[in-house]
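What follows is a short report on a single structure.
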Amino acid sequence: MAKVKRLYRCNDCGSQTPQWAGRCADCGAWNSLEEEIQTPSTAANQSTISRHNGYAGEQKSEIQSLSQVTSEKAIRWTTGLPELDRVLGGGLVTGSVVLIGGDPGIGKSTLLLQAMAMMAKVSGVSPLYVSGEESLQQIRLRAERLQLEQSPLDLLAETHAEQMIAVAKTRKPQVMVIDSIQTVFTELLQSAPGTVAQVRESAAQLVRFAKSSGTTMILVGHVTKQGALAGPRVLEHMVDTVLYFEGDTSTRFRILRAVKNRFGAVNELGVFGMTELGLKEVSNPSAIFLSRGEEAVAGSVVTVTREGSRPMLVEVQALVDDSPLGNPRRVSVGLDQNRLAMLLAILHRHGGITCSDQDVFINVVGGVKLSETGADLAVLAAILSSLRNRPIPRDWVLFGEVGLTGEIRPVQAGEDRIRDAGKHGFSHAIVPTANAPRKPIKGMTIIPVQHLGEAIDALKNAG
Ligand code: TYD
Ligand code: MG
């Protein structure tokens, strides 16, 4: 093996130095030097040189026309957990590399232990679970709790990347889980495990091995609280699929979200509930996010959002209260803070309703994060309802994007959303005019609105 040279590179200006320093000597940036390895004159460099000299290397680069490139259909294994399969785009693609990120304690190890055990049974593959965080006894205890201790699953406690690869080369597992990438280190670097350089370099080695051997690999990454820098962020470009496991550890519900997927749609959601017996799938998530009391209360509104291919009903709550502060608070959980400020400005300018002396709090129930604009109208309705202390009837839903000129803009798949709300027993829907279905939907009264003023009027008539 060629001797490796260590050097430090500045993250800001890219200059190199052989020694670490707190400050880059070239650009003066603090704490920007990061360890890096350099392998001198690799085969790749040599072939470029020979090509320059007029010799063709052994591997010629050839142009092929797109229509003549043969494609192989991706083979997918079912993981035995339909919610996970769906987020992956219909099963785990063989030979792909998946990264699952999430806060510590959210349930990543539980999810993967369950998935691997089920997969071994359902799809007949041979998985290898490499743990750098827990001892084999701890994993066994967990498996007993999950009643999976009889599963045909191979375990390995290892943190050394080169060792893992050596074991994998002889055992040839079809699927390999690395839990977690932060504990893995490579001997090529001197820095401690968990540092950005170590995480990146060991992940690169593992991904290279996975791609060259055709092993399907699942990497687990912790998202660190202080900025996701040492977390999975630095790995996102190396892998085929990035999933985030989210949720509040104080609530039972966990959401698995695809943020990058070379083999499927992004923003697909899978919902799980953490129980005594591990993660249970929730096939009808609207039901849990909507567990409301019997009576209509002011400040609570239901909207239909769409995550991936599935409409989902969520409750948006607002509390508007006289502010003792000169600069009233605008706090939102589950919704972008700037979006809230913008909606309040629209409400003032185009609806003639001011909240400038009021604290406004928004909460999306169940730990859901609203990432699409279709919830705008519901947020405004919740604010209005709380401000006026007038409940919106429990069987009303709203959705629609609110533009800066006060117009209500259509959202994707409006009719799907209305139908889904109908299925859950809602009877009235305030929707953008362009989303109003052409044919009436049974049991649903549609109130199409084009401008914020119309929506406010519709709400007045409702309560
Ligand atoms: P874990 O999978 O260890 O989280 P991560 O790998 O993401 O750090 O799960 C941690 C939490 O899940 C832990 O606080 C206990 C809880 N849990 C249950 O509630 N039920 C169970 O059956 C299991 C295995 C864990
Ligand atoms: Mg874990």
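For this structure, a couple of remarks:
- Pairs with Cβ under 7 Å, 6+ apart, first in the range 410-436 and touching a residue at least 60 places away in the same chain (Cβ under 8 Å), second of a type in the set (D, E, K, R): V411/E401; Q412/R306; A413/R306; R417/R306; F426/D395
- Index of the failed condition, S123 passing every other in (1) away from ligand 2 (no atom under 14 Å from the Cβ); (2) open to solvent by less than 10 Å² (accessible area, probe 1.4 Å); (3) polar (S, T, N, Q): (2)
- Looking across G293, G273, one residue alone is within 16 Å of ligand 1 (Cβ to nearest atom) and surrounded by fewer than 17 Cβ atoms within 10 Å (Cβ to Cβ). It is G273.
- Members of the range 235-281 found to be within 16 Å of ligand 2 (Cβ to nearest atom) and more than 11 Å from the chain's Cα centre (by Cα), listed by number: T249, R254, F272, M274, G278, L279
- Tallying residues that are part of a loop (DSSP other than H, G, I, E, B) and either modelled with pLDDT of 95 or more or not β-branched (V, I, T) (or both) within the range 423-450 yields 13.
- Filtering the range 159-185 to residues that are over 20 Å from V125 (Cα atoms), away from ligand 2 (no atom under 16 Å from the Cβ) and buried (at least 20 other Cβ atoms within 10 Å of the Cβ) leaves A161, F185.
- One residue from K211, K172 being at pLDDT 90 or above and on the phi > 0 side of the Ramachandran plot: K172
- Taken over the range 96-106, the criterion of being more than 6 Å from ligand 1 (Cβ to nearest atom) and open to solvent by 20 Å² or more (accessible area, probe 1.4 Å) is satisfied by D103 alone.
- Residue among L189, L156, L128 that alone is crowded, with 17+ Cβ neighbours inside 10 Å, part of a loop (DSSP other than H, G, I, E, B) and more than 16 Å from ligand 1 (Cβ to nearest atom): L189
- Filter result (in contact with a strand residue (DSSP E or B) (Cβ under 7 Å, 6 or more places away or on another chain), farther than 20 Å from K5 by Cβ, in a loop (DSSP other than H, G, I, E, B) and open to solvent by 30 Å² or more (accessible area, probe 1.4 Å)) within the range 23-36: C27
- Exactly one residue out of S109, S151 is in the same structural domain as I218 (by TED's automatic domain parsing), open to solvent by less than 50 Å² (accessible area, probe 1.4 Å) and in a loop (DSSP other than H, G, I, E, B): that is S151.
- Selection within the range 192-212 - away from ligand 1 (no atom under 16 Å from the Cβ), closer than 27 Å to L256 by Cβ and not charged (D, E, K, R): P193, V196, Q198, V199, S202, A203, A204, Q205, L206, V207, F209, A210
- Looking at R262, R233, just one residue is assigned by TED's automatic domain parsing to the domain that holds M116, open to solvent by 50 Å² or more (accessible area, probe 1.4 Å), at pLDDT below 85 and not polar (S, T, N, Q), and that residue is R233.
- Any hit, the range 368-384, residues being assigned by TED's automatic domain parsing to the domain that holds M312, more than 24 Å from V259 (Cα to Cα) and without any contact (Cβ under 8 Å) to a residue 60 or more places away in the chain: no
The values are calculated or read from the model by the stated rules, or taken from the named source; none is laboratory data. Note that the coordinates shown come from a computational prediction; the quantities given were computed from them, not determined experimentally. Reconstructed Cβ throughout: ideal geometry from the backbone, glycine too, with neighbour counts over all protein chains shown. What goes into the accessible areas is simple: the full protein's heavy atoms, side chains included, and nothing from ligands, DNA or RNA. Shrake-Rupley method; radii C 1.70, N 1.55, O 1.52, S 1.80 Å.
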